Amino acid sequence: MAKVQSKKDIDILEQRGLWEASSFLHRRIKKLIGKKQSLRIGDLKTAHKIMFDVSGQADIAGKYRRHNGPELRRIDGTPLPITDWRQIPAVMSELDFVLREETRNLKLPKNERDYRKVIFLAVRLSHRLACIHPFVNGNGRASRLLLNAILIRAGLPEISIKKSKPAYLKAMRQTDDGNFDLLENIVTDGLLEAKKKHIEIIARKKPELSKSRKKKKKRRLHRR
Ligand SMILES: Nc1ncnc2c1ncn2[C@@H]1O[C@H](COP(=O)(O)OP(=O)(O)OP(=O)(O)O)[C@@H](O)[C@H]1O
Ligand SMILES: [Mg+2]
């Protein structure tokens, strides 16, 4: 008889599923950048499939919702209005069109204006996906995977959004009313944090030269 899985077992498997979905997107986007191709909603559906196949929930993996309930609540307790399930395929293909158009020529930002453009795109499409809520479960994770996928497609590092942080849900709530500021700030802070970590890693990789090696290096430079 199959062993009944505890909530803790499922959480661990879902964590692994999320990691594998994220790795898949990294590999996929590397290829897309090489070929100068755009991101597609199909890539995200595959990531969702991986995430839930790994955690033994093949029935919902990579599949759109076929019902509307139960009602979802925002952080302030108000109902979260999501897309009627019958509209999901059409609305998702509109999102796919925008995603493909906007990510085809995405390049590494060079100035503040470019950065703002990429961050706004990532935040706008990620929030849109969360409001469509196309899957039975894992919509928050899918919308954060999409946010990171857009950043990575633009050559930027991925960021970590601790969804449990009330700040993120507060920012999503503000975005519902058309104000993207808080969510954009969260992404900007995440990028700065990722850059700081990157610099720390590089610094760690460069060990101090020993005194004798320093002397040798100095002599070599003098000879030139
Ligand atoms: N005000 C809001 N506007 C838009 N989306 C919201 C809002 N509040 C919550 N959400 C989204 O709904 C998600 C919860 O839906 P769901 O349970 O399908 O996702 P999940 O991935 O299982 O959850 P979690 O993000 O907690 O792992 C949140 O993570 C968030 O992204
Ligand atoms: Mg959930």
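Points to keep in mind about this one:
- Residue within the stretch 143-158 that is under 24 Å from Asp59 (Cα atoms), surrounded by 19 or more Cβ atoms within 10 Å (Cβ to Cβ), within 15 Å of ligand 2 (Cβ to nearest atom) and in contact (Cβ under 8 Å) with a residue 60 or more places away in the chain present: yes
- When the stretch 57-93 is filtered for residues that are hydroxyl-bearing (Ser, Thr, Tyr), surrounded by 14 or more Cβ atoms within 10 Å (Cβ to Cβ) and within 12 Å of ligand 1 (Cβ to nearest atom), only Thr83 remains.
- Failed condition for Asp96, given (1) within 16 Å of ligand 1 (Cβ to nearest atom); (2) closer than 27 Å to Trp19 by Cβ: (1)
- Selected residue (criterion: surrounded by the most Cβ atoms within 10 Å (Cβ to Cβ)) from residues of the stretch 159-188 that are in a helix (DSSP H, G or I), within 11 Å of ligand 1 (Cβ to nearest atom) and among the polar types (S, T, N, Q): Thr175
- Test for Phe180: is it closer than 27 Å to Arg74 by Cβ, more than 16 Å from ligand 2 (Cβ to nearest atom) and of a type in the set (Phe, Trp, Tyr): yes
- In this entry, Leu156 passes the filter for residues that are away from ligand 1 (no atom under 15 Å from the Cβ), under 13 Å from the mean Cα position of the chain (by Cα) and either outside any helix (DSSP H, G or I) or farther than 25 Å from Phe24 by Cβ (or both).
- Selection within the stretch 120-139 - in contact with a Phe, Trp or Tyr (Cβ under 9 Å, 6 or more places away or on another chain) and closer than 21 Å to Glu193 by Cβ: Phe120, Val123, His127
- Pair list, Cβ under 7 Å, 6 or more apart: the stretch 74-102 residue away from ligand 2 (no atom under 16 Å from the Cβ) and part of a loop (DSSP other than H, G, I, E, B), other residue modelled with pLDDT of 95 or more and among the β-branched types (Val, Ile, Thr): Thr83/Val91; Thr83/Ile132
- Test: residue in the stretch 30-42 that is in a loop (DSSP other than H, G, I, E, B) and at positive phi: yes
- Filter pass, Val136 being within 16 Å of ligand 2 (Cβ to nearest atom) and surrounded by fewer than 22 Cβ atoms within 10 Å (Cβ to Cβ): yes
- Of all residues in the stretch 110-148 being more than 7 Å from ligand 1 (Cβ to nearest atom) and either in a loop (DSSP other than H, G, I, E, B) or over 18 Å from Glu184 (Cβ atoms) (or both), the one that is nearest to the chain's Cα centre (by Cα): Leu145
- Just one of the numbered conditions (1) more than 16 Å from ligand 2 (Cβ to nearest atom); (2) under 15 Å from the mean Cα position of the chain (by Cα); (3) over 23 Å from Ile29 (Cα atoms); (4) of a type outside the set (Gly, Ala, Ser) is not true of Met172: (1).
- Test: residue in the stretch 189-202 that is within 30 Å of Gly77 (Cβ to Cβ) and either within 16 Å of ligand 1 (Cβ to nearest atom) or assigned to a helix (DSSP H, G or I) (or both): yes
The values are calculated or read from the model by the stated rules, or taken from the named source; none is laboratory data. Please read all numbers here as calculations on a predicted model, not as lab measurements. Backbone-built Cβ (ideal geometry, glycine too); neighbour counts: all protein chains shown.
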